[in-house]
Every structure is written in structure tokens, then in C-alpha cells.
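Trainee: Just dropping this structure here.
The values are calculated or read from the model by the stated rules, or taken from the named source; none is laboratory data. All of these numbers come straight from a predicted model, not from anything done at the bench. Neighbour counts are summed over all protein chains in view; Cβ atoms, including those assigned to glycine, are modelled from backbone coordinates with ideal geometry. Note: areas computed on protein heavy atoms with side chains; ligands, DNA, RNA excluded. Shrake-Rupley method; radii C 1.70, N 1.55, O 1.52, S 1.80 Å.
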Amino acid sequence: MDRHVLWYDRPSTLAGLSRKESWDRALPIGNGRLGAMVFGDHPVERLQVNEESIWAGPPVPENQPQAREAIEEARALLFAGKHEEAEQIVQSQVLHPHTRPRSYQPFGDLYLRPLGDLAIEQYRRELNLDTAIAEVFYVQKGVRHKREVFSSAVDQVLVTHCESEQSGTLHTKIELSRDDQIHLSECRGDALLLEGQAQHEGTHLGVHFCGVVRVKTDGELQADKGSFIIRDASYITLYLAVRTDYNLANPYEPLQEDLVACCEKDLEQAMVKSYDKLKKDHMTAHQKLFRRVNLQLGTAEYEPYALHPTDQRLAAFRQGHDDHHLISLYFQYGRYLLISSSRPGGLPANLQGIWNEDMQAIWDSDFHLNINLQMNYWPAQLTNLAECQLPYFTLLENMIEHGKETARVVYGCRGFVAHYTTDAWLHTAPLGEIPYGMWPMSAGWCARDFMEYYRFNGDHAFLQAHAYPMLKEAATFFLDWLVQHPDTGEWVSGPSISPENRFYSTAGNAVALCMAPAMDQQIIWETFSNVLEAADVLEVEDEVFLQQVKDVQSKLALPEIGEDGRLMEWCESYEEVEPGHRHISHLYAVHPGNQYTFRTAPAMMDAAKKSLSYRLQHGGGHTGWSRAWMINFWARFKDGEQSYKHICHLLQQSTLDNLFDTHPPFQIDGNFGATAGVAEMLLQSHDGKIELLPALPRIWAEGAVHGLKARGGFEVAMTWEKGALTKSTVYSLHGGECRLSYQGQDIVLMTEARKQYDVIWTGNTLLLNK
Ligand code: FUC
């Protein structure tokens with residue numbers, strides 16, 4: 001299992017690097033909620049600690065009651081081709097100005113400052129994705145030293161364990177600090193404590209938090225003005241507990257618990273265990289998720305680059321050296337990051353997962369809903385981490401009441417609406433500027449993921465309790481929101497935008513506001529299809545609603561192909577302001593949607609492919625997440641060579657030394673999007689069957705994978721040689737028909753629950769041995 005290691009022969013912080021550049025070399029650990037960037041620095045070790053709910057607070061954007069009339073006026077103006085005037089009205093009457101900053105913030109830093117001799121040799125630091133432990137090794141005066149850091153999901157503490165081979169050789173000062181003037185940090189008895197409230201210099205007062213460190217050591221422990229000094233030890237184990245008053249169910253009513261007492265309780269429970277037991281429990285819980293999938297690209301033998309530190313391998317990759325193992329490592333890293341930043345019961349992974357050192361993070365490190373949060377969860381089902389997606393669903397469900405209020409006040413509609421972003425305060429009002437702000441589609445997009453959860457897991461209870469209600473709320477909003485086009489009578493969405501692109505109006509101005517952008521129509525079509533499918537499975541008796549959905553869907557305006565053969569982004573052939581724009585919204589129906597496939601809509605697929613090529617010819621894919629989307633699109637186009645090319649671009653242009661994706665700066669969606677993309681290259685199941693190796697690039701001639709998930713409730717393993725599939729194994733989670741397809745050959749298995757089916761694929765022969 002040592003295939004899953006990122007390692008480095010130098011600390012994160014190096015002379016000549018900025019603070020940010022050093023952070024980009026540190027290694028992330030986390031238990032979904034509580035995490036750290038481990039620097040592995042010498043002489044002073046730094047753990048930059050985060051807790052997922054430390055957010056600066058309200059005010060948040062508000063619903064504008066005058067918006068309803070403005071929306072009507074804007075529609076009339078847009079139907080008359082007056083985009084500029086419509087934009088003026090929407091900007092001033094509908095969109096609330098930004099109420100930023102209201103950032104996700106760090107908890108603080110834990111520093112370990114050695115006392116005495118500093119010279120070391122044989123330095124190495126690593127992150128083991130399989131154990132979820134960051135380690136540092138070195139030799140000092142001939143004595144070997146080791147540090148291990150992990151965040152336990154079982155015991156809810158962040159643990160730092162230092163040991164040396166010779167007794168009495170560890171002498172360290174321990175400090176807890178935060179980059180603000182307002183926190184309190186002190187020693188209370190034999191505990192080190194830090195308390196504060198997230199805010200922006202007296203405004204946006206937010207979440208209260210508290211962290212407590214306790215120590216086990218065989219050395220001498222002494223409290224010293226807000227720090228600990230430990231001398232003559234052979235081991236030091238630091239336990240950090242962090243708790244906040246954030247109330248996920250209702251952030252506006254903070255929890256009333258005594259936070260110090262909550263931390264002490266965590267510590268007590270964790271410290272009863274021996275260090276070895278604590279570590280073992282942590283590893284077992286992590287491996288239960290992580291080990292579900294294994295991926296081997298190329299032969300089982302190590303490539304020469306595996307012997308080199310990860311940053312050097314990345315540098316070699318940038319020079320054009322192929323390194324299959326680096327790609328499979330990157331894939332597994334995406335899974336590791338999801339497990340470490342998104343566990344049931346907490347908040348979902350934000351723009352930086354949980355890892356952020358800035359008091360005012362870029363985009364507040366919030367939950368962007370016009371692709372970024374959704375992309376974070378693209379690998380969840382495909383790579384067998386279903387439970388890691390639950391925080392995403394919980395967030396959305398907790399937003400519903402806010403979103404219904406926005407729908408009612410702003411648009412006079414029933415149902416659930418949300419716009420391009422939200423954060424820990426669950427706001428849903430339209431805000432900001434038109435090219436991103438005037439877009440009431442995100443609840444619809446997210447509702448699709450509820451349906452997909454059901455498709456992958458066959459969980460009827462989830463369909464009934466979560467997916468159908470969410471889809472119904474989203475569909476209900478759309479039924480009220482859509483209007484009939486005065487010329488065609490078709491139902492169209494608007495005023496809206498195609499995130500975040502603009503076009504030239506007939507007057508020659510760059511504008512964004514329009515009626516019937518392709519993505520809106522696709523999202524609405526899909527929401528209607530999903531709600532009808534869910535109702536069918538559940539045998540819901542909701543005749544009036546379902547009939548209305550059918551009627552409106554049958555007269556929904558759908559995107560068309562332009563004269564140049566491209567799929568149109570808007571309902572007219574406008575010229576785009578930025579032809580290489582990073583959002584490729586009008587291809588939603590190709591991915592993540594499945595409205596267009598080569599089987600069901602070949603002409604639309606060809607047109608979509610032309611649109612994508614055009615975007616790329618004009619510089620598309622320049623942000624990490626946009627590049628990651630390319631991998632997925634080309635996989636759906638069954639073009640493994642193109643997908644592979646974009647994996648290479650991602651690693652070459654948008655990947656930091658610690659393998660974090662960079663927008664720039666660091667933004668985690670690209671990691672997750674690319675992980676999903678690799679899975680889509682190997683297995684697809686969105687078109688009524690399970691397609692094996694649908695987009696295998698020539699360069700991955702040999703390989704094996706196990707544990708990928710397919711819709712219908714199947715786990716799939718495959719082995720391939722010389723570019724051809726040799727064997728597939730399907731494990732059926734709850735029985736039912738399973739149609740496997742490989743290069744035009746199909747085989748149908750009638751499976752029983754919890755049984756495994758092997759198929760040998762040799763030339764044209766299919767041998768089935770059950
Ligand atoms: C969207 C993108 C940006 C960035 C931001 C967080 O608005 O257009 O590129 O990723 O989200």
C-alpha cells in the first residue's frame with residue numbers, strides 16, 4: 001500500500017518562498033471537520049489548523065421585495081431585444097449588493113519550537129493516503145526522530161506524536177496562536193487553550209470557537225505564559241480538540257454548550273486510549289472508505305519516477321515525462337481529500353475543502369453553486385464514497401426554508417430557489433452582479449445529485465425522504481418561474497444568464513442577461529425528467545403536479561444547433577465576449593447531465609463537441625476546475641486521448657507541489673473534478689448500461705481497477721492488457737438486471753443481491769463464470 005504516498009525531501013517552508021508558496025507545499029490532514037496543513041518544517045514545526053464551521057457571520061444578502069415587478073419588466077424588455085435596459089433594472093431592483101467579507105477562517109496555528117541543538121540530517125516528510133497520517137523523519141546527532149500527525153474521525157481530536165529513539169532528547173516549546181488581535185490564548189492548569197469569535201475586525205461577528213491542547217509525555221512539562229515547555233522527553237503526544245457554537249440545523253441559533261467543557265470531553269475520551277489504539281482506530285475508520293477503490297495504471301511495477309520526491313516527479317511531468325503512477329496517486333488523492341473534508345454530520349467541502357489559512361479567503365472560501373460545490377461531489381458516487389456526499393445533501397436541505405422564502409418574496413413563486421453561492425449562513429437571495437448573480441438555477445442542478453444518489457445506491461428510503469421532496473421543490477419553483485415565449489408559446493427561463501459568460505447585444509454592448517439560456521433549459525428539463533422518474537418509482541399520487549410537469553416539459557424550449565454547427569449557448573446566435581470562457585455551461589446536458597448521449601441525441605453530441613473544441617481553441621480550460629471539466633466532457637465524448645491530454649495539462653499547469661489544484665490560487669474543485677474524470681474514462685453508466693473502459697487512452701495500455709460504482713447498485717472491477725479489456729467483475733449490491741457493454745459487445749446479467757459475476761472478454765468471445 002506504499003503506492004499511496006506523497007513525499008518530499010525538504011520542508012514546506014524554504015528560503016525564498018513566500019508564505020503562500022510554502023503553504024502550497026504543506027500536506028493536508030482532516031477528519032471531515034477538524035484538519036490541518038502539516039508543514040513538516042524544521043526547526044519550527046507549524047500545523048495550520050482549520051475547523052469547518054469557523055465562519056464570520058451575518059449580515060447576509062436579503063430578498064428584495066420590489067424585485068417581482070422588476071422581473072416582469074425585464075422579461076418584456078428582453079423579449080423586445082433591450083438587454084441593456086433589462087440589465088439596469090435587474091441590477092438595481094433584484095440583486096442585493098455583496099455583504100462581504102464573511103469568510104471561512106482558520107482556527108489558528110500550533111507551533112512546536114525545539115529548544116537547543118537544531119542541526120538535522122536524513123530529512124523526509126510524507127503523507128500516506130492509505131493511513132491518513134502525515135509523518136516527518138530526521139536524524140539528529142545520530143538519533144532518529146519521528147513525528148506523526150492525524151485527525152481522528154473516531155475520537156474527534158487532532159493528534160501530534162513526536163518520538164525519538166533515545167530517551168531525554170526531545171526539548172520543545174508548544175504554542176497555540178491565531179493571526180488576529182482578539183482571541184484569548186492561555187494555559188489553564190495543564191491545558192493550553194485558545195478561544196475566539198470569527199469576524200472581520202469587529203464586523204460580521206460569527207462563530208465562537210474554542211480549542212484545547214493536552215499533552216502526554218515522559219518528559220518534564222512546564223506551563224510558561226501561554227505555552228508549554230517540555231524537556232528531556234523521548235515522546236510527546238499532543239491532543240487538540242476544537243469545538244464551536246455553530247448550529248448546522250439552524251445557524252441563526254448558536255449552540256449553547258460550554259465549548260471548553262466540550263473540548264475537555266473529547267480529550268478525555270481520546271486520552272483514555274493508548275496512542276497505538278487511537279491511531280489504529282483512526283486508520284481503520286479511514287481505510288474502510290479509502291480501500292474500497294484501487295487503481296493501477298500501467299503495469300504493477302514501479303516506474304522510475306516513483307523513487308523521487310513528489311514535487312520532483314511533478315516537475316518531471318511538467319517537462320513531459322509520462323508518469324502513470326503520479327496520475328493514479330492524484331486520483332486517490334482526490335478520494336483522500338473528500339474523505340478528509342466531508343464526513344456525515346458536518347458541513348460539505350467548501351472551495352478549499354477545509355484547508356484555509358486566510359482570515360479573508362478568496363471568494364470567502366464559500367459554497368459556490370454554479371459548478372464548484374457540485375464538482376466537489378462528482379467523485380463521491382463514482383469512486384465509492386457515497387456517505388461523504390451526505391453533508392452536501394444536508395446543506396441543501398437546510399437551505400430549503402430560506403430558498404422558499406426567496407422564491408416567494410423575490411419572484412412570487414412557490415418552491416425552492418438558490419443562486420450562484422451560499423455559505424454557512426444558508427442565504428439564498430440573488431446578489432452581486434448580473435453575469436453571475438441573476439441565475440436562479442442552482443437548486444435544480446443540486447437536485448439532480450439527489451436523484452443520482454438513488455440511482456447509484458438504489459436506496460428507496462432516500463428517494464422518498466430526500467430526493468423526491470428536493471426535486472419537487474425545485475420543479476415547483478420552475479413551474480412558477482417559466483414564462484411562455486410571446487412568439488412561440490414555448491416555456492422559457494429568464495431573466496437569467498449563462499454562468500458567467502457574456503455576449504454582444506445588437507447595440508454592440510457586452511451583456512449577460514437574456515431569456516432561455518441553454519443551461520437553464522437543460523437544468524429545468526432534467527429536473528422535470530427526474531421528478532417524473534422518482535414519482536414513478538415511488539408510485540406517488542400527485543396527479544395535478546405531475547400532469548403540469550409533463551405538460552410544461554413537452555413545450556419547453558430546448559437548445560438548438562447554430563449555423564456554424566455549434567450547440568448554442570443562448571437562444572440566439574450571439575457572439576460571445578470571451579470565446580474561451582472557463583464555464584462551458586451549455587454542455588451541461590453532456591456532463592454532468594445525461595440528456596445528450598451518442599445513443600439518444602447524436603447530433604447534439606456532435607454540436608456540443610464542436611462547441612467544446614471552439615472553447616479550447618480560444619484558450620478554454622485555463623482554471624484548474626475548468627480543465628477538470630474538460631476531462632469529463634471528453635470522457636463522455638468517448639475520446640480517451642483528449643481526456644488524457646487534459647489530465648496532463650491539469651498536472652502541468654494547475655497543480656501545486658502538494659498536488660492541490662490551483663485556480664489559481666488553490667481551489668479544491670479541480671482535484672475532485674479530475675478524480676471523477678479519471679473514473680468516467682474507465683467506467684460510465686449514465687446511458688442505460690454499464691460501459692467498460694469507454695475512454696481508455698492508448699497510453700494506459702495495461703491496468704486494473706476495482707471498486708468503482710455504477711448506477712443500478714453495482715461495484716465493478718476490471719483488468720486490461722495491451723489496450724483491451726480482459727476481465728470484468730461485477731458485484732451486485734441488491735440484485736437486478738445489469739447490462740455490460742464493451743466496444744459494441746453487450747452482455748446482460750440477471751444478478752442476485754450480494755453476488756459477484758465475472759466476465760472474461762477475449763476477442764469476440766464472452767465467457768461467463770458465475
Ligand atoms: C466561479 C468561477 C470562478 C471561481 C469561483 C469560485 O464563479 O467562475 O472561476 O472558481 O467560482
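Trainee: Keeping to the stretch 81-112, report how many residues are without any contact (Cβ under 8 Å) to a residue 40 or more places away in the chain, within 20 Å of P430 (Cα to Cα) and not small (G, A, S). If you could, list the steps in order and put the result at the bottom.
Mentor: So the first thing to find is which residues in the stretch 81-112 are without any contact (Cβ under 8 Å) to a residue 40 or more places away in the chain, and the list is 82, 85, 88-89, 92-93.
Now narrow it down to the ones that are within 20 Å of P430 (Cα to Cα): 85, 88-89, 92-93.
Keeping just the survivors that are not small (G, A, S) gives 85, 88-89, 93.
Total satisfying the criteria: 4.
Trainee: Can you name the condition, by its number, that N658 falls short on among (1) in a loop (DSSP other than H, G, I, E, B); (2) within 16 Å of the ligand (Cβ to nearest atom); (3) surrounded by 22 or more Cβ atoms within 10 Å (Cβ to Cβ)?
Mentor: For N658, the failing item is (2).
Trainee: Confirm whether L612 is among the aliphatic types (A, V, I, L, M) and open to solvent by 60 Å² or more (accessible area, probe 1.4 Å). Working first, answer last.
Mentor: On the way: among the aliphatic types (A, V, I, L, M): yes; open to solvent by 60 Å² or more (accessible area, probe 1.4 Å): no.
Criteria not met by L612.
Trainee: As an exercise: evaluate R318 against (1) open to solvent by 10 Å² or more (accessible area, probe 1.4 Å); (2) within 23 Å of K20 (Cα to Cα); (3) out of contact with any Leu (no Cβ under 9 Å at 6 or more places or on another chain); (4) touching a residue at least 24 places away in the same chain (Cβ under 8 Å) and give the number of the one condition it does not meet.
Mentor: (3)
Trainee: Look at L683 and say whether it is more than 16 Å from the ligand (Cβ to nearest atom), touching a Leu at 6+ places or on another chain (Cβ under 9 Å) and either open to solvent by less than 10 Å² (accessible area, probe 1.4 Å) or small (G, A, S) (or both). Lay out the reasoning, then the answer.
Mentor: Numbers: more than 16 Å from the ligand (Cβ to nearest atom): yes; touching a Leu at 6+ places or on another chain (Cβ under 9 Å): yes; either open to solvent by less than 10 Å² (accessible area, probe 1.4 Å) or small (G, A, S) (or both): yes.
Yes, satisfied.
Trainee: Looking at (1) at pLDDT below 95; (2) farther than 30 Å from I71 by Cα; (3) not polar (S, T, N, Q), which is the one condition that is false for F150?
Mentor: (1)
Trainee: Here's a follow-up. Out of E533, E526, report the one residue that is closer than 29 Å to I434 by Cα, among the charged types (D, E, K, R), under 28 Å from the mean Cα position of the chain (by Cα) and modelled with pLDDT of 95 or more.
Mentor: Working: E533 fails: closer than 29 Å to I434 by Cα.
Step by step, each of E533, E526 is checked, and only E526 is closer than 29 Å to I434 by Cα, among the charged types (D, E, K, R), under 28 Å from the mean Cα position of the chain (by Cα) and modelled with pLDDT of 95 or more.
Trainee: Mind listing whichever residues of the stretch 704-727 are within 30 Å of A589 (Cβ to Cβ) and within 29 Å of the chain's Cα centre (by Cα)?
Mentor: Those that are within 30 Å of A589 (Cβ to Cβ) and within 29 Å of the chain's Cα centre (by Cα): V705, G707, L708, K709, A710, R711, G712, G713, F714, E715, V716, M718.
Trainee: Is one or more of the residues making up the stretch 228-235 closer than 30 Å to T394 by Cβ, of a type outside the set (S, T, Y) and not in a loop (DSSP other than H, G, I, E, B)? Give the derivation first.
Mentor: Step one: list which residues in the stretch 228-235 are closer than 30 Å to T394 by Cβ, which gives none.
No, the conditions are met nowhere in the stretch 228-235.
Trainee: Taking the options Q332, Q381, name whichever one is of a type in the set (S, T, N, Q), within 26 Å of Q684 (Cβ to Cβ) and either within 16 Å of the ligand (Cβ to nearest atom) or buried (at least 24 other Cβ atoms within 10 Å of the Cβ) (or both). Break it down stepwise before answering.
Mentor: Details: Q332 fails: either within 16 Å of the ligand (Cβ to nearest atom) or buried (at least 24 other Cβ atoms within 10 Å of the Cβ) (or both).
Residue meeting the stated conditions: Q381.
Trainee: Please verify whether the stretch 414-426 includes one or more residues that are under 15 Å from F478 (Cβ atoms), more than 24 Å from the chain's Cα centre (by Cα) and at pLDDT 95 or above.
Mentor: At the first step, the residues of the stretch 414-426 found to be under 15 Å from F478 (Cβ atoms) are 414-419.
So of that shortlist, the ones also more than 24 Å from the chain's Cα centre (by Cα) come out as 414-415.
Keeping just the survivors that are at pLDDT 95 or above gives 414-415.
The answer is yes, given that some residue of the stretch 414-426 is under 15 Å from F478 (Cβ atoms), more than 24 Å from the chain's Cα centre (by Cα) and at pLDDT 95 or above.
Trainee: Looking only at the stretch 615-631, count how many residues are buried (at least 21 other Cβ atoms within 10 Å of the Cβ) and within 16 Å of the ligand (Cβ to nearest atom). Steps first, please.
Mentor: To start, the set of residues in the stretch 615-631 that are buried (at least 21 other Cβ atoms within 10 Å of the Cβ) comprises 615, 620-621, 624-631.
Imposing the further condition that a residue be within 16 Å of the ligand (Cβ to nearest atom) reduces the set to 615, 620-621, 624-630.
Of the residues in the stretch 615-631, 10 are buried (at least 21 other Cβ atoms within 10 Å of the Cβ) and within 16 Å of the ligand (Cβ to nearest atom).
Trainee: Can you tell me which residue in the stretch 632-655 is farthest from M605 (Cα to Cα), limited to those that are touching a Leu at 6+ places or on another chain (Cβ under 7 Å) and buried (at least 23 other Cβ atoms within 10 Å of the Cβ)?
Mentor: Selected residue: T655.
Trainee: Which residue, of M515, M519, is within 16 Å of the ligand (Cβ to nearest atom) and either in contact with a helix residue (DSSP H, G or I) (Cβ under 9 Å, 6 or more places away or on another chain) or touching a residue at least 40 places away in the same chain (Cβ under 8 Å) (or both)?
Mentor: Working: M515 fails: within 16 Å of the ligand (Cβ to nearest atom).
Just one listed residue meets the conditions, M519.
Trainee: What number of residues within the stretch 355-368 satisfy the criterion of being open to solvent by 10 Å² or more (accessible area, probe 1.4 Å) and more than 15 Å from the ligand (Cβ to nearest atom)?
Mentor: 2
Trainee: Inside the stretch 405-417, can you point out the residues that are buried (at least 20 other Cβ atoms within 10 Å of the Cβ) and either of a type in the set (D, E, K, R) or out of contact with any helix residue (DSSP H, G or I) (no Cβ under 7 Å at 6 or more places or on another chain) (or both)?
Mentor: To start, the set of residues in the stretch 405-417 that are buried (at least 20 other Cβ atoms within 10 Å of the Cβ) comprises 406-407, 410-411, 413, 415-417.
If the condition is that a residue be buried (at least 20 other Cβ atoms within 10 Å of the Cβ) and either of a type in the set (D, E, K, R) or out of contact with any helix residue (DSSP H, G or I) (no Cβ under 7 Å at 6 or more places or on another chain) (or both), then T406 is the only one that fits.
Trainee: Read through the list (1) part of a helix (DSSP H, G or I); (2) more than 16 Å from the ligand (Cβ to nearest atom); (3) open to solvent by 10 Å² or more (accessible area, probe 1.4 Å); (4) not basic (K, R), then give the number of the only condition that A474 fails.
Mentor: That leaves (3) as the condition not met.
Trainee: Taking A608 as the residue in question, decide whether it is in contact with a Pro (Cβ under 8 Å, 6 or more places away or on another chain) and more than 16 Å from the ligand (Cβ to nearest atom).
Mentor: So A608 fails the test.
Trainee: List, please: which pairs have Cβ atoms under 6 Å, are six or more places apart or on different chains, and start with a residue in the stretch 177-202 that is closer than 17 Å to V260 by Cα and end with one that is open to solvent by 40 Å² or more (accessible area, probe 1.4 Å) and among the basic types (K, R)?
Mentor: The qualifying pairs are A191/R214.
Trainee: I'd like the full set of residues that are in a strand (DSSP E or B), open to solvent by 10 Å² or more (accessible area, probe 1.4 Å), under 21 Å from L221 (Cα atoms) and in contact with a strand residue (DSSP E or B) (Cβ under 7 Å, 6 or more places away or on another chain), limited to the stretch 162-195.
Mentor: Within the stretch 162-195, the subset in a strand (DSSP E or B) is 162-164, 170-177, 184-188, 191-195.
Keeping just the survivors that are open to solvent by 10 Å² or more (accessible area, probe 1.4 Å) gives 162-164, 170-173, 175, 177, 184-188, 195.
Applying the additional criterion that residues be under 21 Å from L221 (Cα atoms) yields 162-164, 170-173, 175, 177, 185-188.
Scanning the stretch 162-195 gives C162, E163, S164, L170, H171, T172, K173, E175, S177, S185, E186, C187.
Trainee: Could you pull out the residue among N398, N350 that is within 16 Å of the ligand (Cβ to nearest atom) and of a type outside the set (K, R)?
Mentor: Working: N398 fails: within 16 Å of the ligand (Cβ to nearest atom).
Going through N398, N350 in turn, the sole match is N350.
Trainee: Further question: Looking at (1) modelled with pLDDT of 95 or more; (2) assigned to a strand (DSSP E or B); (3) open to solvent by less than 40 Å² (accessible area, probe 1.4 Å); (4) out of contact with any Asp or Glu (no Cβ under 6 Å at 6 or more places or on another chain), which is the only condition D155 fails?
Mentor: So D155 meets the others, but not (2).
Trainee: Within the stretch 114-121, identify whether any single residue is open to solvent by 20 Å² or more (accessible area, probe 1.4 Å), in a strand (DSSP E or B) and not hydrophobic (A, V, I, L, M, F, W, C), and answer yes or no. Can you show your working first?
Mentor: Taking the stretch 114-121 as the starting set, the residues that turn out to be open to solvent by 20 Å² or more (accessible area, probe 1.4 Å) are 114-121.
Checking which are in a strand (DSSP E or B) leaves us with 114, 121.
If we keep only those that are not hydrophobic (A, V, I, L, M, F, W, C) as well, we get 114, 121.
Yes: the stretch 114-121 contains one or more residues that are open to solvent by 20 Å² or more (accessible area, probe 1.4 Å), in a strand (DSSP E or B) and not hydrophobic (A, V, I, L, M, F, W, C).
Trainee: Considering the stretch 577-601 alone, what residues qualify as being hydrophobic (A, V, I, L, M, F, W, C), closer than 16 Å to Q521 by Cβ and assigned to a loop (DSSP other than H, G, I, E, B)? Full working, then the answer.
Mentor: Narrowing the stretch 577-601 to residues hydrophobic (A, V, I, L, M, F, W, C): 577, 584, 587, 589-590, 598, 601.
So of that shortlist, the ones also closer than 16 Å to Q521 by Cβ come out as 584, 587, 589-590, 601.
Scanning the stretch 577-601 gives I584, A589, V590, A601.
Trainee: Can you tell me which residue is farthest from D551 (Cα to Cα) among those in the stretch 480-500 that are open to solvent by less than 10 Å² (accessible area, probe 1.4 Å) and within 16 Å of the ligand (Cβ to nearest atom)?
Mentor: P499
Trainee: Would you check which residues across the stretch 401-422 are within 16 Å of the ligand (Cβ to nearest atom) and in contact (Cβ under 8 Å) with a residue 60 or more places away in the chain and list them? So that I can check it myself, show each step before the final result.
Mentor: Filtering the stretch 401-422 for residues within 16 Å of the ligand (Cβ to nearest atom) gives 418-422.
Selection gives Y420 alone.
Trainee: Only residues in the stretch 569-597 that are within 22 Å of W625 (Cβ to Cβ) and more than 16 Å from the ligand (Cβ to nearest atom) count as the first member; pair them with residues that are part of a loop (DSSP other than H, G, I, E, B) and polar (S, T, N, Q), Cβ under 9 angstrom, at least 6 apart or cross-chain, and list the lot.
Mentor: Sorted first by the residue in the stretch 569-597, then by its partner, the pairs are A589/Q595; V590/T597; N594/T600.
Trainee: Quick test for you: out of I371, I434, pick the one residue that is within 30 Å of G707 (Cβ to Cβ), open to solvent by less than 10 Å² (accessible area, probe 1.4 Å) and within 16 Å of the ligand (Cβ to nearest atom). Show your work before the answer.
Mentor: Numbers: I434 fails: within 30 Å of G707 (Cβ to Cβ).
Sole residue among the options that is within 30 Å of G707 (Cβ to Cβ), open to solvent by less than 10 Å² (accessible area, probe 1.4 Å) and within 16 Å of the ligand (Cβ to nearest atom): I371.
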